[in-house]
1. Answer yes or no: is there a residue in region 35-56 that is in contact with a Leu (Cβ under 8 Å, 6 or more places away or on another chain) and exposed (fewer than 14 other Cβ atoms within 10 Å of the Cβ).
2. Only one of these is surrounded by 13 or more Cβ atoms within 10 Å (Cβ to Cβ), of a type in the set (Lys, Arg) and over 30 Å from LYS95 (Cβ atoms): ARG158, ARG138. Name it.
3. State which residue pairs qualify: first residue farther than 11 Å from THR132 by Cα and inside region 92-111, second residue open to solvent by 30 Å² or more (accessible area, probe 1.4 Å) and assigned to a strand (DSSP E or B) in any location, beta carbons under 9 Å apart, and separation of 6 or more residues or different chains.
4. Please pick out the residue among ALA27, ALA54, ALA40, ALA59 that is in contact with a helix residue (DSSP H, G or I) (Cβ under 6 Å, 6 or more places away or on another chain), over 29 Å from GLU142 (Cβ atoms) and either touching a residue at least 60 places away in the same chain (Cβ under 8 Å) or part of a helix (DSSP H, G or I) (or both).
5. Could you please find all residues in region 100-126 being in contact with a helix residue (DSSP H, G or I) (Cβ under 9 Å, 6 or more places away or on another chain), within 11 Å of LEU15 (Cα to Cα) and open to solvent by less than 30 Å² (accessible area, probe 1.4 Å)?
6. Can GLN76 be described as at pLDDT below 90 and part of a helix (DSSP H, G or I)?
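The values are calculated or read from the model by the stated rules, or taken from the named source; none is laboratory data. All values derive from a computational prediction rather than experimental measurement. Positions of Cβ are generated from backbone atoms using ideal geometry, with glycine treated the same way; all protein chains shown enter the neighbour counts. What goes into the accessible areas is simple: the full protein's heavy atoms, side chains included, and nothing from ligands, DNA or RNA. Shrake-Rupley method; radii C 1.70, N 1.55, O 1.52, S 1.80 Å.
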Amino acid sequence: EAPPELPQRPRAKRLRPGNAHRKEVLAALPENQRPIAELALQGMQAVRQRLKSANETLAAEGKPTMPEQSVLQMAQDLTPKLRVADWLDRAEAAKRDLATLDLRDLRSVVASANDPVIQRDEKCRGLVTELTAGLASRTETEQQNWLADINAAVEVGRVVRALKLAGQPPKA
């Protein structure tokens, strides 16, 4: 006769950040800077590529090209605000689902808080502290749940299940 089946723990939620802070930053910018800011969200390489292709198109049409240095400087000046807004969107989503969020996602948000731009921002400091404490708490809880699952599997005679669980510790 087979040992009784053990209940499975529910799967952790994945991080689903909103974009309220990014929209707020983009809305506060002048109209001529918004396209550059949207590209800067994708990284400076995206800005350089788009600028190069746009200048090639303008040159082929015989129109004056955009000044590369000033556009790149504008993107670099906007990047810190955009990084903070992006982090705030991710952090608020992590805080909202702190009890059920996947540990990898929570760790990535806490680790990205080590960015000097984020550390200097006043709005972020309290959130960083709260998320760091939540991560420590969640890590301890996951460790306890893992050990309890292994013990429960051994107690009911599901040794293979206990070995499988022992080989899959909480996410590092």
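1. Step one: filter region 35-56 for residues in contact with a Leu (Cβ under 8 Å, 6 or more places away or on another chain), giving 36-38, 40-41, 44, 46-48, 50-51.
If we keep only those that are exposed (fewer than 14 other Cβ atoms within 10 Å of the Cβ) too, we end up with 44.
Looking through region 35-56, at least one residue is in contact with a Leu (Cβ under 8 Å, 6 or more places away or on another chain) and exposed (fewer than 14 other Cβ atoms within 10 Å of the Cβ).
2. On the way: ARG138 fails: over 30 Å from LYS95 (Cβ atoms).
From the options ARG158, ARG138, the qualifying one is ARG158.
3. What qualifies is ASP97/LYS13; THR100/LYS13; LEU101/LYS13; ASP102/LYS13; ASP105/LYS13.
4. Values: ALA27 fails: in contact with a helix residue (DSSP H, G or I) (Cβ under 6 Å, 6 or more places away or on another chain); ALA54 fails: in contact with a helix residue (DSSP H, G or I) (Cβ under 6 Å, 6 or more places away or on another chain); ALA59 fails: in contact with a helix residue (DSSP H, G or I) (Cβ under 6 Å, 6 or more places away or on another chain).
Criteria check complete, one pass: ALA40.
5. Correct list: LEU101, LEU103, ASP105, LEU106, VAL109.
6. Values: at pLDDT below 90: no; part of a helix (DSSP H, G or I): yes.
Spelling it out, it is not the case that GLN76 is at pLDDT below 90 and part of a helix (DSSP H, G or I).
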